[in-house]
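Here the structure is laid out as structure tokens; the discussion comes afterwards.
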């Protein structure tokens, strides 16, 4: 009788475990790039079991650029993308059915890196300088407006077009006086060899959102509850990391990608630099991940002025509100397993 009861209990446990596994919502996530600091919340949430605790089975893949991630997610190959949200807005205006579902790095992260000892403090100091950029990157359409903030034209500087992968090397060895890029990413890469500082686009009227999450309209409709839990866990993980657990985030990235030969010092510096881009005036005091119509309206004005976003759709057409559960964010931020 006892053996029979034990057998039945064991069978019941197996069934319950199986039901629990079936109940988990599966999400395929495509990141923006090869592993760098802004991947920390995803890998930390996975390693600490926060996704699993909230009924999510999450598969995280690296990317090869925000534009690629936006396109792949828009084509339905992934449920969620983590990318720069400006390319998302550009693609949406051209008919790709994607929307932003969270914004984590909410200030424009693009800027110009210059050597700390260069004496360059702003666009007005760039006359005669050799500046590296990438024609296909997001900085390209805004170079004229950035230079105009210092009363300069393209003819006042020497712009050299380099492949994105060669930009760091070109700048570090001194073949360029400055390099346009994502500041949090590139600054940490070059700083040890060439101590540098940045001139941010956002400080010169070029304001649009940086990294966040996006999904298709179809996925938002069909998996809204799962997306809400996912967004909230990632927001909580970011909050946890930025509250003094940056090194845990670094370790999570390195543990998740052991073959990538990552430099923990660079990863930590990237996370530290990202802190300066997380809040805007309209999102300060709100949970990380929150987006506002004010910010999106300003962004669309800039992107349309640059000829990148087509049409006159309102700001509310580009993002989805209400996908942050503050209770989940708080729980994860407290490090609760």
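Values quoted throughout were computed directly from the atomic coordinates according to the rules given, and no laboratory measurement underlies them. Bear in mind that the values here come from a model prediction, so they are computed numbers and not experimental data. Quick reminder, even Gly has a Cβ in these numbers, built from the backbone with ideal geometry, and neighbours come from all protein chains shown.
Summary table
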| item | result |
| --- | --- |
| Reciprocal of mean inverse Cα separation for segment 159-301 (Kirkwood radius, Å) | 17.7 Å |
| Additional length obtainable on full extension of the chain from residue 68 to residue 47, 0.36 nm per residue less Cα span | 4.9 nm |
| Per-pair calculated FRET efficiency, R0 = 25 Å: residue 164 and residue 75 via Cβ, rounded to 0.05 | 0.65 |
| Relative pair counts by distance (%), Cα atoms of segment 27-85, 5 Å bins | 4, 20, 29, 23, 15, 7, 0 |
| Distribution of pairwise C-alpha distances over segment 110-204, 5 Å bins, in % | 3, 15, 29, 29, 18, 5, 0 |
| Cβ-derived FRET efficiency at R0 35 Å, residue 222 paired with residue 336, nearest 0.05 | 0.75 |
| Pairwise label distance in nanometres, residue 118 with residue 260, each label 7 Å out on the Cα-Cβ vector | 2.7 nm |
| Segment 253-326: relative contact order in percent, alpha carbon pairs under 8 Å with at least 6 residues between | 23 percent |
| The chain: Cα Rg divided by the 2.2 N^0.38 Å rule of thumb | 1.08 |
| Ranked list, fewest to most other Cβ atoms within 10 Å of each Cβ, for 50, 296 | 296, 50 |
| Virtual spin-label span in nm between residue 317 and residue 276, 7 Å along Cα→Cβ | 3.6 nm |
| Estimated inter-spin distance, residue 286 and residue 140, nm [label 7 Å along Cα→Cβ] | 3.3 nm |
| Segment 110-204: relative contact order in percent, alpha carbon pairs under 8 Å with at least 6 residues between | 47 percent |
| Computed over the chain: relative contact order in percent, which uses C-alpha pairs under 8 Å that are six or more apart | 26 percent |
| Contour minus Cα-Cα distance for residue 28 and residue 148 (0.36 nm per residue) | 39.0 nm |
| Theoretical gain in end-to-end length, residue 59 to residue 247 [0.36 nm per residue, Cα-Cα removed] | 65.4 nm |
| Share of alpha-carbon pairs per 10 Å distance bin for segment 26-134, given as whole % | 12, 35, 27, 17, 8, 1 |
| Ratio of Rg to Rh over segment 71-116 (Cα coordinates, Kirkwood Rh, two decimals) | 1.10 |
